[in-house]
Amino acid sequence: MTHSAPQGTADTGVSVDSREVLFERRGRLGVITLNRPRAVNALTAGMVGQLLEQLTAWADDDGVATVLVQGAGDRGLCAGGDIVAIYRDMLEGGERTARFWATEYRVNSLIARYPKPYVALMDGLVLGGGVGISAHGSVRVVTERTRTGMPETTIGFAPDVGGTFLLSRAPGETGTHAGLTGAHLDGADALYLGLASHFVPSEKLPALVAALEHEPAEAAVGRYSTEAPPSALQEQRDWIDACYSADDAGDIVRRLRGYEGGGRDKASQAADAIEAKSPTSVKVTLAALRRVKGRTLDEALAQEYRTGLRFLEAPDFREGIRAQVVDKDRNPRWNPATLADVAPEQVERFFEPLGSRELDLRGVDPQLKEPDHD
């Protein structure tokens with residue numbers, strides 16, 4: 001949500017409102033506004049390229065003490081990547097998408113090691129790629145309006161933008177549950193999972209942004225943050241941990257179906273959700289979460305790039321986007337059709353090295369601090 005309108009025009013004379021991402025200096029605050037409100041600020045290749053360039057410049061700018069990222073409009077920070085553009089590119093071979101992801105993942109890595117406070121206003125919808133440009137930052141603000149998550153299995157894909165890294169570090173098996181079901185999470189759940197750091201009522205966001213123009217980030221956010229409501233995921237840890245500790249997706253579904261303790265109905269609903277997703281995506285996501293434990297963010301991003309390029313070649317990603325946002329029939333025809341039909345060797349192929357196409361993040365500014373993963 002934008003909390004004060006940018007003024008003026010770009011140097012080219014183009015109206016500010018026509019640009020997909022806006023950059024401003026307000027006092028000692030560098031403000032990034034994602035500016036595609038009709039698309040809930042979904043990220044394009046051009047946007048992530050501009051983000052990488054501007055964030056790199058502000059990292060070395062002594063006049064900028066804090067960086068803020070927010071979304072235009074009132075629907076949310078960012079609904080993810082522009083999957084319609086990805087769908088069209090897949091029909092032509094997917095090379096533009098591969099380049100888009102390579103730049104996007106560099107942005108994610110840069111945010112995680114940023115040398116200055118990076119404040120993300122995770123108000124409204126924050127999904128997929130929106131998590132990547134927010135949850136790796138040092139100050140991640142959610143509100144009572146927040147609806148976040150990694151819904152990639154719904155469209156025949158798997159969590160990326162460092163999502164596997166984040167979910168693998170969540171308490172118990174809550175991250176596994178969130179990754180396999182693609183559930184939308186509220187602000188309290190985001191805090192519990194480790195995707196966010198502060199809860200601020202949405203009505204206080206304009207005052208917070210104004211304070212950030214001249215105050216240290218931690219002091220300003222600390223003053224406006226309040227205690228979050230209870231997390232539903234935290235309260236459901238018993239059945240989540242019991243059912244999701246298996247390393248086979250079929251076993252997880254069977255445990256969910258057969259759970260007899262408190263939360264039995266929730267467990268059954270989770271099983272229904274998983275079985276509606278792409279079976280290939282579910283199995284690859286589970287394998288990715290297990291493999292990334294104990295790894296760095298950059299290692300997770302490299303693995304996600306590997307699986308991502310393989311998804312571009314596989315049928316379910318195209319089919320999932322078709323069903324959800326192109327034809328909108330909400331009736332994807334997955335291939336293979338069931339978890340039992342996805343062979344272990346099919347999953348393994350998603351993780352095979354890419355050779356010369358491996359993602360190389362060494363170009364992320366070496367002067368920047370190493371990511372703090374604690």
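Structure notes:
- The set of residues in the stretch 339-350 that are part of a helix (DSSP H, G or I) and either of a type in the set (A, V, I, L, M) or buried (at least 19 other Cβ atoms within 10 Å of the Cβ) (or both) comprises 339, 340, 347.
- Filtering the stretch 104-119 to residues that are assigned to a strand (DSSP E or B) and within 19 Å of residue 49 (Cβ to Cβ) leaves only 118.
- The listed residue being open to solvent by 10 Å² or more (accessible area, probe 1.4 Å), touching a residue at least 60 places away in the same chain (Cβ under 8 Å) and not aromatic (Phe, Trp, Tyr), out of 121, 68, 91, 110: 91
- Among the residues here, residue 63 does not qualify as surrounded by fewer than 21 Cβ atoms within 10 Å (Cβ to Cβ), among the small types (Gly, Ala, Ser), under 17 Å from residue 39 (Cα atoms) and out of contact with any Leu (no Cβ under 9 Å at 6 or more places or on another chain).
- Yes/no for residue 251 being in contact with an Asp or Glu (Cβ under 6 Å, 6 or more places away or on another chain), in a helix (DSSP H, G or I), open to solvent by 30 Å² or more (accessible area, probe 1.4 Å) and not β-branched (Val, Ile, Thr): no
- Selected residue (only one of 315, 336, 332, 353 is open to solvent by 90 Å² or more (accessible area, probe 1.4 Å), modelled with pLDDT of 95 or more and in contact with a helix residue (DSSP H, G or I) (Cβ under 9 Å, 6 or more places away or on another chain)): 353
- No other residue among 210, 219, 183 is at pLDDT below 95, more than 21 Å from residue 297 (Cβ to Cβ) and not acidic (Asp, Glu) apart from 183.
- Flag for residue 57 being surrounded by fewer than 18 Cβ atoms within 10 Å (Cβ to Cβ) and among the aliphatic types (A, V, I, L, M): yes
- Top-ranked residue in the stretch 83-103 [being charged (D, E, K, R) and assigned to a helix (DSSP H, G or I); ranked as farthest from residue 53 (Cα to Cα)]: 88
- Some residue of the stretch 259-268 being touching a Ser or Thr at 6+ places or on another chain (Cβ under 9 Å) and not aromatic (Phe, Trp, Tyr): no
- Of the residues 260, 213, 227, the single one that is free of Cβ contacts under 8 Å to residues at least 12 places away in the same chain and either aromatic (Phe, Trp, Tyr) or more than 25 Å from residue 341 (Cα to Cα) (or both) is 260.
- Meets criteria (more than 19 Å from the chain's Cα centre (by Cα) and free of Cβ contacts under 8 Å to residues at least 24 places away in the same chain) for residue 250: no
- Residue match in the stretch 155-167 (condition: surrounded by fewer than 24 Cβ atoms within 10 Å (Cβ to Cβ) and modelled with pLDDT of 95 or more): no
- Number of residues in the stretch 189-205 that are open to solvent by 20 Å² or more (accessible area, probe 1.4 Å) and in contact with a Leu (Cβ under 6 Å, 6 or more places away or on another chain): the value is 1.
The values are calculated or read from the model by the stated rules, or taken from the named source; none is laboratory data. These numbers come from a predicted model, not from an experiment. Please note: Cβ atoms are built from the backbone with ideal geometry, for glycine as well, and neighbour counts cover all protein chains shown. These area figures cover heavy atoms from the full protein model, side chains too; ligands, DNA and RNA do not enter into them. Shrake-Rupley method; radii C 1.70, N 1.55, O 1.52, S 1.80 Å.
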